[in-house]
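*Asks:* What follows is a single structure, and I will ask about it in a moment.
The values are calculated or read from the model by the stated rules, or taken from the named source; none is laboratory data. Note that the structure is predicted; figures quoted are calculated from it, not measured. Cβ coordinates were reconstructed from backbone atoms using ideal geometry, including for glycine residues, and neighbour counts include every protein chain displayed. Calculation scope for accessible area: heavy atoms of the full protein, side chains included, ligands and nucleic acids excluded. Shrake-Rupley method; radii C 1.70, N 1.55, O 1.52, S 1.80 Å.
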Amino acid sequence: MIWIKLGILLIGFVHASLLPYFVRKALKYVNFDLQNKTLSFFSNRDLYGKKFVKGYKWLLLTTAILTYVFFWILTLYYDLGQYDQLMQSIDLGFISLALLAFVPHNLRPLSLKSLAPSIQRILHNLLSVVVFLSLPALIITFQVIIMPEMKFLGISGMVIIGITVFSVVLSILKNGINGATELLFINGISLWTILVTIVTFVS
């Protein structure tokens, strides 16, 4: 059991810090308007070049893998493998993030004359929506399942993800989906991950 706890501690903190760290680092080196652009613009080769796009792709793919591994270890520790909805949510979260890594952003107009870029743009936007919906749904599903046995973690985790979802929805209604909204989303999930990691390790 101690090895599972150590795995949760290691993966949890790496998962919580990886994306926020590299996004903040990237923002220091490029002129990026968080109010008018989404973070997906970093995957646009026409704007930031092949090197930047490659780094963004591997960052998202690594995040997808860490998300899957983190929740998989949690299901082992809390013995949640019998909950089919949770396991399906883990798969959906991983698949949507992984696919998003390989479907970069573009700003080309939607047109039948440029079908491939148009399909790519539509698919990218759809995958982004799936990620926005699937990750909170995964976390909420986990919280609901563990709440009867782990009151503190269940309630505190639900409060964090609830505030995150509420703040993101409010930001979208006020400003639309932009980089600032996405950072709010990322930081909220990172905070939840840190909470779960710490509480699980010390329990």
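*Asks:* Extending each Cα 7 Å along its Cβ direction at residue 126 and residue 29, get the distance between those two points in nm, one decimal.
*Replies:* In this crude spin-label approximation the distance works out to 3.3 nm.
*Asks:* So which of 54/113; 25/57; 37/174; 57/174; 28/51; 151/174 end up more than 25 Å apart by C-alpha?
*Replies:* Among 54/113; 25/57; 37/174; 57/174; 28/51; 151/174, the Cα-Cα distance tops 25 Å for 54/113; 57/174; 151/174.
*Asks:* For residue 144 and residue 102, compute 0.36 nm times the residue count separating them, minus their Cα-Cα distance, and round to one decimal in nm.
*Replies:* Separation in residues times 0.36 nm, less the Cα-Cα distance, equals 11.9 nm.
*Asks:* Report the dimensions of the stretch 120-197 along its three principal axes from the alpha-carbon atoms, largest first, rounded to Å.
*Replies:* Its Cα atoms span 43, 24, 19 Å along the three principal axes.
*Asks:* May I ask you to evaluate 6.51 cos²θ - 1.76 cosθ + 1.60, the Karplus curve with θ = phi - 60°, for each residue of the stretch 79-92 and list the ³J(HN,Hα) values in order in whole Hz, giving x for glycine and proline?
*Replies:* Listing the rounded values in order: 6, 10, x, 7, 8, 4, 4, 5, 5, 5, 5, 4, 4, 5 Hz.
*Asks:* I need the phi-derived Karplus couplings for the stretch 111-124: 6.51 cos²θ - 1.76 cosθ + 1.60, θ = phi - 60°, integer Hz, Gly and Pro marked x.
*Replies:* Listing the rounded values in order: 7, 5, 6, 10, 5, 4, x, 5, 5, 4, 5, 5, 5, 4 Hz.
*Asks:* Amide H of residue 44: which non-local residues (sequence gap of 5 or more, or other chain) have their own amide H closer than 5 Å, using H built in the peptide plane?
*Replies:* Result for residue 44 returns 105.
*Asks:* List, in order, the whole-Hz ³J(HN,Hα) value for each residue of the stretch 16-31 obtained from phi through the Karplus relation with A = 6.51, B = -1.76, C = 1.60 and θ = phi - 60°; use x for Gly and Pro.
*Replies:* So the J values, rounded to whole Hz, are 6, 9, 4, 5, x, 5, 6, 5, 4, 5, 5, 5, 6, 9, 10, 7.
*Asks:* Still on this model: Keeping all protein chains in place, calculate the accessible area per residue for the chain (probe 1.4 angstrom), answer in Å².
*Replies:* 55 Å²
*Asks:* Return, for the Cα atoms of the stretch 1-148, the radius of gyration and Dmax in Å, separated by a comma.
*Replies:* 17.4, 58
*Asks:* Now, a different point. Using a 1.4 Å probe over the heavy atoms of the protein chains, calculate the carbon and sulfur portion of the accessible area of the stretch 87-131 as a whole percent.
*Replies:* C and S atoms contribute 74 percent here.
*Asks:* Just want the answer: with Cβ charges of +1 for Lys and Arg and -1 for Asp and Glu, which residue in 118, 145, 77 is farthest toward the dipole's positive end in the stretch 68-168?
*Replies:* Of the options given, the answer is 118.
*Asks:* Here's another thing I want to ask about it. Among 120-129, 14-23, what's the highest-first ranking by average C-beta atoms within 10 angstrom per residue?
*Replies:* Top of the packing list down: 14-23, 120-129.
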